């Protein structure tokens, strides 16, 4: 009885246009048994062509070809922009930092300078920019915001080594929720990092720089 039901299921899948490999992925039947059961149900030429065109191997080959073409195209673009941008001068670094601060910096406390992001490269650039405006990283406070199921020790070691900043300068804010609960995880592997420098004069200086930009563009 069980064998008959299994055969009926195989015949039904064949009538739906499934190939041997597709059927074998669903039911555990040998190829010789399938050949016997399906000898009177050959696939049409059009169906065979369609299965061939959309086979997993063919799709993977097509996907790899597209990926290679995309990477080649992006490599050419990267080479071009590398030539266009070149090495940044101190003035260009200064202006880049101000525009970054305009978008990502804290503007609620004029007694501090603070930039927050999850991108390690952006935080590294922030430290370089701080140097151009006379901020010594030895006086920074680094705040890390992470989820409670993240590895605090591993994250602390990562940021401390990356930024070359003493672990004693770090502070943690641990959220009550888990990282595993969020659907958007891209770029959040090491939490959110904020670099903070407390200084009224520097805070007011940057605030006035941003005011200059606003007046300039308006």
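The values are calculated or read from the model by the stated rules, or taken from the named source; none is laboratory data. A quick note: this is a predicted structure, and the numbers were derived from the prediction, not measured. Backbone-built Cβ (ideal geometry, glycine too); neighbour counts: all protein chains shown.
Computed values, structure above
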{"item": "Of all residues in the range 166-182 being assigned to a loop (DSSP other than H, G, I, E, B) and under 25 Å from the mean Cα position of the chain (by Cα), the one that is surrounded by the fewest Cβ atoms within 10 Å (Cβ to Cβ)", "result": "176"}
{"item": "Count of residues meeting criterion [farther than 23 Å from residue 95 by Cα, part of a helix (DSSP H, G or I) and touching a residue at least 40 places away in the same chain (Cβ under 8 Å)] in the range 140-165", "result": "1"}
{"item": "Filter pass, residue 41 being in a helix (DSSP H, G or I) and exposed (fewer than 15 other Cβ atoms within 10 Å of the Cβ)", "result": "no"}
{"item": "Filter pass, residue 140 being under 18 Å from residue 201 (Cβ atoms), touching a strand residue (DSSP E or B) at 6+ places or on another chain (Cβ under 6 Å), surrounded by 10 or more Cβ atoms within 10 Å (Cβ to Cβ) and assigned by TED's automatic domain parsing to the domain that holds residue 166", "result": "yes"}
{"item": "Members of the range 134-148 that are over 9 Å from residue 174 (Cα atoms) and in contact with a helix residue (DSSP H, G or I) (Cβ under 7 Å, 6 or more places away or on another chain)", "result": "135, 137, 140, 141, 142"}
